[in-house]
Structure formats: C-alpha cells, structure tokens
1. I'd like to verify a number: residues in segment 17-37 that are under 11 Å from the mean Cα position of the chain (by Cα) and more than 20 Å from Leu87 (Cα to Cα), how many?
2. Going by the conditions given, is Ala76 touching a helix residue (DSSP H, G or I) at 6+ places or on another chain (Cβ under 6 Å), of a type in the set (A, V, I, L, M, F, W, C) and over 20 Å from Gly2 (Cα atoms)?
3. May I ask you to list pairs of residues, at least six apart or on different chains, whose Cβ atoms are under 7 Å apart, with the first in segment 7-19 being within 18 Å of Asp51 (Cα to Cα) and the second being loosely packed, with under 14 Cβ neighbours inside 10 Å?
4. Regarding segment 15-37, can at least one residue be identified that is over 24 Å from Pro96 (Cα atoms), surrounded by 19 or more Cβ atoms within 10 Å (Cβ to Cβ) and in contact with a His (Cβ under 8 Å, 6 or more places away or on another chain)?
5. With respect to Tyr3, is the statement that it is aromatic (Phe, Trp, Tyr) and either loosely packed, with under 11 Cβ neighbours inside 10 Å or within 11 Å of the chain's Cα centre (by Cα) (or both) true?
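Every number in this text was worked out from the coordinates using simple rules, so none of it is lab data. These figures come from a predicted structure and were not determined experimentally. Cβ sites come from the backbone with ideal geometry, for glycine too, and all protein chains shown count toward neighbours.
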Amino acid sequence: MGYEVAAKINNGQEAVEKIRNDNPDLVLMDIKLVGEMDGVEAINHVRRFSDVPVLYLTGNSDEITKKRARATKPIAYMVKPVDMALLQKTIRNVLPV
C-alpha cells in the first residue's frame, strides 16, 4: 500500500515501548502476543500516553475479547482471515495516500 512499516513486534511490553518512542501514525495489533501482556492490555497501556489509531487484526472472535478491545477505542476489529480490500479501505481512511 506504500506505507512504511516501523516495526513488527510480537511482545506486548516491547510494543508499548516502541509506540511510546516512535509515535506511529497507526498501530496494527494482534490480541495474542508473546509474554504475559496481550494486545488489548498493551493498548490499554498505550492509551495512558497516546491516542494513536489502533486496528486489531486477530483470530479472537469471542465476545469477551471484543468487549475488552472495544474499551480501547480502536478504529476497527478485524477477525482473520482479513478481507484485504476492507483492510486497505480502513487504513486509507486513517492514513490517506
């Protein structure tokens, strides 16, 4: 899509620190991460210092996880496999080309 990917991180704590240090324009976040902190908890930490747009891409479709994620005010919650056209449209709504 022509956007620069700042990092690919699979650990919640590392993701929080990367977001804090780099101040990205958009975060694509999975729910399941390596370590004790999942993606929702990571974004809860991020929300303490940033309003960065967050788009969850996950295999978790249970209502409890969705409810936790919605509380972080994401721009979208997409369940894998993701519709690529919808993903592109959603990203372009946040980050025009």
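1. Within segment 17-37, residues that are under 11 Å from the mean Cα position of the chain (by Cα) and more than 20 Å from Leu87 (Cα to Cα) number 1.
2. Here the answer is yes, as Ala76 does meet what is asked.
3. Gly12/Gly35; Gln13/Gly35; Lys18/Ala7
4. yes
5. Criteria not met by Tyr3.
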